[in-house]
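To start, the structure itself, in structure tokens.
Each reported figure results from applying straightforward, stated rules to the coordinates on display, with no laboratory input. These numbers come from a predicted model, not from an experiment. Virtual Cβ from ideal backbone geometry, glycine too; neighbours counted across all protein chains shown.
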Amino acid sequence: MDPATLAGLILLIGIVVLIALGVPIAVAIGLPSVLATMALIGLDNAVVASSQRLFTGINSFTLLAIPFFVLAGVLMNNGGIATRLIDAAKVLVGRMPGSLAQTNVVANALFGSVSGAAVASAAAVGGVMGPRQREEGYDRGFSASVNAASAPSGMLIPPSNTFIVYSLVSSTSIAALFMAGYGPGILWALACMTVVFLYSRKRPELQGTDRVTFTQLLVTLRKAVPSLLMIFIVIGGILSGVFTPTESAVIAVLYCLVLGFAYRNLTVRGLPRILLEATRTTSIVTLLIGVSSALSWVMSFARIPGMISDALLGLTDSPTVILILMMIMLLVVGTFMDPTPAILIFTPIFLPIVEEFGIDPVHFGIMIVFNLCVGTITPPVGNVLFIAARVGELRVEPVIRRILPFLAALIAVLFLVVFVPQVSLWLPTQLGLINGGG
Amino acid sequence: MHAVKKVLDKVLAAVCVLLFTVLVLTVSWQVFSRQVLSNPSEWSGAFARYVFVWLGMFGAALVFSERGHIAVDVVVRKLPERVQRVVAVLVQLTIIVFAAVTLVWGGRRASQLAWDQNVPGMPIPIGVGPLYLVMPITGVIIMFYAVHHVIAVLRHAEATVEVDDTAEAL
Amino acid sequence: GGTTLRLALNQTKEHPSFVALDNFGNRLSKATSGRWDIEVYPNETLGAQQEAIQLVSDGTVDMAIVSGTQLANLNKDFRVFNLPQVFDSIEHQMNVVNNPDIVGDLYSSLEDQNLTVLGGFTQGARSLYTSKGPITKPADLAGMKIRVQESDIHTKMIELMGGSATPMAYGEVYTALQSGVLDGAENNEVSYVSQKHHEVAKHYSYTNHLIGVDYLIMNTDRLAEMSAEDRAAFDREWQVAIQEHTELWKTATEEAIAEAKADGAQFHEVNTEAFSKALQPLIDESLTTDTARRLYEAAQSAAP
Ligand code: NA
Ligand code: NA
């Protein structure tokens, strides 16, 4: 067997078997990568190449945005920002059928628009909305599934750590990706709202009861303004070029600190715990990115992406068929694997193929992230699914049953996102972020 | 061994809090020096990157202590309890091999190879090689934690599969 | 059969360096009847330059293109050719960095680390470009934020020329120029246009402050495996590659200038003497060793 084929087999079998055994995904990627490198150049050189890739894979200023956005998210959870966003969501959609569920969806989208992660949002928003819905007689499985289904919209609506990871492996502009995420992210929330609407329409007990006066509306919205102002600081800062994405993330941290202290929800003594919580989330992702860098190094060294793309192109030369094949594969992978490792593994393989078809790498990034976001709520496993069940104090089964209509709606939106590029690309093109240079 | 682990956990946590604070201050300084002082800092970007690598590696070691790294356990959960225990030990052994080969051995060799290189743009010379030492250091710590988990699992002091999956992924 | 040498490159497949190196490999294979071939890995797929050096030294990768800044990290004497205004022109530069009488000892100085330097490609002459107006003398740069690479020489250079050095990743420069966070940057014409910076910084002022060089390095043990006959073929084809690269570079530069002008960018001459005077202290303080001074003088006397 030639060394490149051997390396490919070690990677394929090693990663699949180790992941199935329950080995941490980072190690399940890292160990086969160094073994595959060994098959090509011997163990003595392989250990250097792998550890060097691990180190330099993390050593990136762009990547630094992730710990800051994660920290900002944790600060928001602890700093009273989530509650204010929920209140704002409530006055916006409080009169629709299923108003509390609708509020949950909108609050997740709002939370997503100031934070980089979905799990934080599901925990923060679901923690407040779950008990309220229970009091008003909502089915508990339903309210947990609403929370789960709508939380990933936060990964599409910028800022988004997931897009930062994609930008890193695809060399695309973070600003362009962020802007491209708005359309699909809003469609995601609208799809959830539609399902909630259809579910609640014929249930009289779930009709909107909250009637707010105009003054109440203004007061609540005004309270949320400082929290929402962060959108302008972060997104405005990046778009205008005043801050790099990493710098805007650190500004978000400082801003959340100021708000948290102003709201008296943060104390100096509480900060180490918050920093540690952010460190955990960050490090999990960091190690994954490091080992994935070793993986993509050995794949390039053995010219594996080229072999895979030749094989795929040998099957068919129809871009539509290949895109559908890729999306099905990602849906299956995403069901079991988190977005970050999946993006890190599959982007280097798939992106060169779709670029040959003239598909914009920013558009492909949106497709792949949207697809993998669906995976986070696709049974049997998924972080967002688990968190939503946990904050709803439920086992995961009742949530799984209720989430199926949401999944159907979101997969329909996925097809729209894949085959109508304008859903993603219209906004960044208007802003001159695509085809405009930079 | 348990006492050692507790101390190590505390030290790692303190190091991570310190590194994270430095990171926030460094990048804040970068923005401040450019936007407010109009005298852009020359060292902050590169410095922050290396602090981040250290934070990421020490943080990752801490998460190994808590068995908190993302893993897929659907398959393992379906196995009989005795087999689960064997698999749990195998998982930790895999971690030991990975840490020994890539982090300790590879990290040490990479550090030696980069010993004469300096990080460009620093006001005082900072070697790339010494910065690589974070890998063998955290490698040894991760191996220690894995050995600890093996013993705990064999003694039935720890579950075979993490019940409370608190890992917050993106 | 033969041995395929893996070469790590930081540029794309369209860049003159890739084209010249790829052709170099093809000719080498022919000349050695397939005993030696070169496979170029573009786009930093095998690692950025700092890592590529380590990998060549370790023998994982056989060859790499690395900038003078990287080699100066290992042996300070390489700094000489990285200083501003050492070379009058690309021809002058190529005559110096590929002249064994001048650089022979320097290029074998890293062999204890298993690295042999084979020679260099030009990176082109770098000049300043700004958004607000042309730069003709150092005073014009007062208070201007100019993007530099993360390198102390580049930082000092911009400060001496009168500007305020701002390190930033090259990918972020476009928006920073557009928004006014940066007032300018410095690079050769090819990068100026390929990064579309000419759209947002329309004034390119020919300060010609520095002509950068990219060195080809190779694992010393691997090079020693070549028979005398193959090594002769290797050296001969490498010289052809250098010439081809210089030609390709000139064409790319002319095309870039034409494109920039068509898009409304302007090219300006500057007061060369004023900049030369401003930069002299950097040259003086950088020539710290006898070897460095000897190299500098040899370079100066090779000027046409
Ligand atoms: Na978001
Ligand atoms: Na899933």
I'd like the distance separating the alpha-carbon centroids of region B:36-60 and region A:123-195, in whole Å. 30
When the Cα centres of region B:141-162 and region C:203-280 are compared, how far apart do they sit, in Å? 58
Averaged over its residues, how many other protein chain Cβ atoms are within 10 Å of peptide C:8-21's Cβ atoms? 0
Per residue of B:64-77, what is the mean number of Cβ atoms on other protein chains within 10 angstrom of that residue's Cβ? 6
What is the list of residues in region A:398-419 whose amide nitrogen lies under 18 Å from a point 7 angstrom out from the Cα of A:Ser318, following Cα to Cβ? A:415-416, A:418-419
Pairwise FRET efficiency - A:Asp310 versus A:Phe419, Cβ, R0 = 30 Å, nearest 0.05: 0.75
Sites removed, the longest contiguous part of chain A containing no DSSP-loop GluC sites (Glu not before Pro) with at most 16 other Cβ within 10 Å is A:137-392
Among B:His156, B:His148, B:His69, whose mean-square fluctuation peaks in a Gaussian network model of chain B (Cα, cutoff 10 Å)? B:His156
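Which percent, nearest 5, of DSSP beta bridges in region C:47-188 are antiparallel?
Here the share of antiparallel DSSP bridges comes out near 45 percent.
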Tell me which aspartates and glutamates have Cα within less than 20 Å of A:Lys202's Cα, excluding those fewer than 8 residues away on the same chain? A:Glu135, A:Glu136, A:Asp139, A:Asp210
I'd like the distance separating the alpha-carbon centroids of region C:17-51 and region B:89-112, in whole Å. 33
Calculate how many DSSP beta bridges within the protein assembly as shown are antiparallel, expressed in % of all such bridges and rounded to the nearest 5. 60
Testing the spin-label approximation: label points 7 Å from Cα along Cα→Cβ at A:Ser171 and A:Leu229. State their distance in nm. 4.0
How far apart, in nanometres, would the label points at A:Thr215 and C:Lys76 be if each is projected 7 angstrom from Cα along the Cα-to-Cβ direction? 7.6
Nearby aspartates and glutamates by direct alpha-carbon distance to C:Lys137 (threshold 18 angstrom, same-chain neighbours under 8 apart not counted): C:Glu159, C:Asp183, C:Glu186, C:Glu269, C:Glu273
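Mind scanning C:Lys196/C:Lys261; C:Lys145/C:Lys202; C:Lys76/C:Lys145; C:Lys132/C:Lys156; C:Lys132/C:Lys196; C:Lys76/C:Lys156 and naming the pairs with a C-alpha gap bigger than 18 Å?
The pairs that break the limit, which is 18 Å between Cα atoms, are C:Lys76/C:Lys145; C:Lys132/C:Lys156.
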Of C:51-64, A:408-421, ordering from highest average Cβ density within 10 Å down gives C:51-64, A:408-421
Which residue fluctuates the most in chain A, going by a Gaussian network model with Cα springs under 10 Å, if the choices are A:Val321, A:Val105, A:Val362? A:Val321
Which part of region C:121-141 falls in the paramagnetic zone of C:Glu254, meaning amide N under 20 Å from the point 7 Å along Cα-to-beta-carbon? C:122-126
Could you work out [θ]222 nm for chain C from helices alone, using -39500 (n - 2.57) per DSSP H run of at least four and dividing by all its residues? Round to the nearest 500 deg cm²/dmol. -14000 deg cm²/dmol
How shielded is C:159-170 by partner chains, expressed as the average number of their Cβ atoms within 10 Å of its Cβ atoms? 3
